[in-house]
1. Six or more apart or on different chains, Cβ atoms under 9 Å: show the pairs whose first residue is in region 66-91 and of a type in the set (Phe, Trp, Tyr) and whose second is in a loop (DSSP other than H, G, I, E, B).
2. Looking at region 3-37, which of its residues are touching a residue at least 60 places away in the same chain (Cβ under 8 Å) and part of a helix (DSSP H, G or I)?
3. Of the residues in region 85-120, how many are outside any strand (DSSP E or B), over 15 Å from Ile11 (Cβ atoms) and not hydroxyl-bearing (Ser, Thr, Tyr)?
4. Hey, Asp76 hits all of (1) more than 26 Å from Gly166 (Cβ to Cβ); (2) not assigned by TED's automatic domain parsing to the domain that holds Arg8 but one; which does it fall short on?
5. Residue check: is Ala134 touching a strand residue (DSSP E or B) at 6+ places or on another chain (Cβ under 9 Å), modelled with pLDDT of 95 or more and either among the aliphatic types (A, V, I, L, M) or surrounded by 15 or more Cβ atoms within 10 Å (Cβ to Cβ) (or both)?
6. For region 55-67, which positions are buried (at least 18 other Cβ atoms within 10 Å of the Cβ) and not polar (S, T, N, Q)?
7. Quick test of your reading of the structure: Leu192 fulfils all but one of (1) touching a Gly at 6+ places or on another chain (Cβ under 8 Å); (2) in a loop (DSSP other than H, G, I, E, B). Name the failing condition by number.
Amino acid sequence: MRYKVAIRFAIEGDLRFISHRDTMRLFERALARSRVPVKFSGGFNPKPRVSLPLPRSVGIASDADLAVFELSEPMDAEDVRRRLEPQMPEGLGLREAWPVTSGGTVQPCEVEYSVDLSAESAIRAAAQAAALMAEHHWCIERDPNGGKAGRTIDLRALLVQLGVDGHTLHWKVRVDPKGGARPAEILTALGLDASSWLHRVRRTRVAWIDRDPLQSGASEPSSDEADRPLA
């Protein structure tokens, strides 16, 4: 049997500037201090089985990040959250926990973001957002990363919603096995300087699904997903 627990957490303040790797280390150390019975990998350098299914860009705050822990023995999900909570630094809050019923992996299917703009920037972004959503395709060249060749991304195909409400820019993107649109790419497509606005972006909601490796397709979101994973 495999016992997995998912915990939704929020990260904000100065802590939003830590990297994905440092976030992993934060949870690994918290697990050690809390004595949660986490399962370890094999080999000469065993590591606790922890995953962050949706890596967060440095500087982005979030209300909807997820950490998944594989345990060596069954334990109530809320008890895991309560044990870990006192070990969290300021700026990271554990919001809720639930058991992962599938033996597979948890993956995001949709993600929502928002950012508050200045009045002038909001007017320009609203016009550009309307133009982008009116197109059938909006292709960009993704910058090479780590020496790899860049590739063409169709932002329009990944966008579910995009618009400005007052001074707040909102967007929702779908995520497929190949990945999704990066927040910096959306900002740039709207004529906003990503280096100036990215650290003001907030990840507000994520829809999660379980993927069972014994089945060819993904399971449908559970009946309570509208109340819990889409938080």
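1. Note: pairs meeting the criteria are Phe69/Val36; Phe69/Lys39; Phe69/Arg49.
2. Gly13, Asp14, Leu15, Arg16, Phe17, Leu26 - these are the residues of region 3-37 that are touching a residue at least 60 places away in the same chain (Cβ under 8 Å) and part of a helix (DSSP H, G or I).
3. Residues in region 85-120 being outside any strand (DSSP E or B), over 15 Å from Ile11 (Cβ atoms) and not hydroxyl-bearing (Ser, Thr, Tyr): 7 in total.
4. (2)
5. Against the criterion (touching a strand residue (DSSP E or B) at 6+ places or on another chain (Cβ under 9 Å), modelled with pLDDT of 95 or more and either among the aliphatic types (A, V, I, L, M) or surrounded by 15 or more Cβ atoms within 10 Å (Cβ to Cβ) (or both)), Ala134 does not qualify.
6. If the condition is that a residue be buried (at least 18 other Cβ atoms within 10 Å of the Cβ) and not polar (S, T, N, Q), then Arg56, Ile60, Ala61, Asp63, Ala64, Asp65, Leu66, Ala67 are the ones that fit.
7. Result: Leu192 fails condition (1) only.
Every residue, every condition in (1) polar (S, T, N, Q); (2) out of contact with any Asp or Glu (no Cβ under 9 Å at 6 or more places or on another chain); (3) over 30 Å from Lys172 (Cα atoms), yes or no:
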position: Arg2; (1), (2), (3): no, no, yes
position: Phe17; (1), (2), (3): no, yes, no
position: Asp22; (1), (2), (3): no, yes, no
position: Leu54; (1), (2), (3): no, no, no
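The values are calculated or read from the model by the stated rules, or taken from the named source; none is laboratory data. Owing to the predicted nature of the structure, the values given are computational and were not obtained by experimental measurement. All Cβ positions, glycine included, derive from the backbone under ideal geometry; neighbour counts span all protein chains shown.
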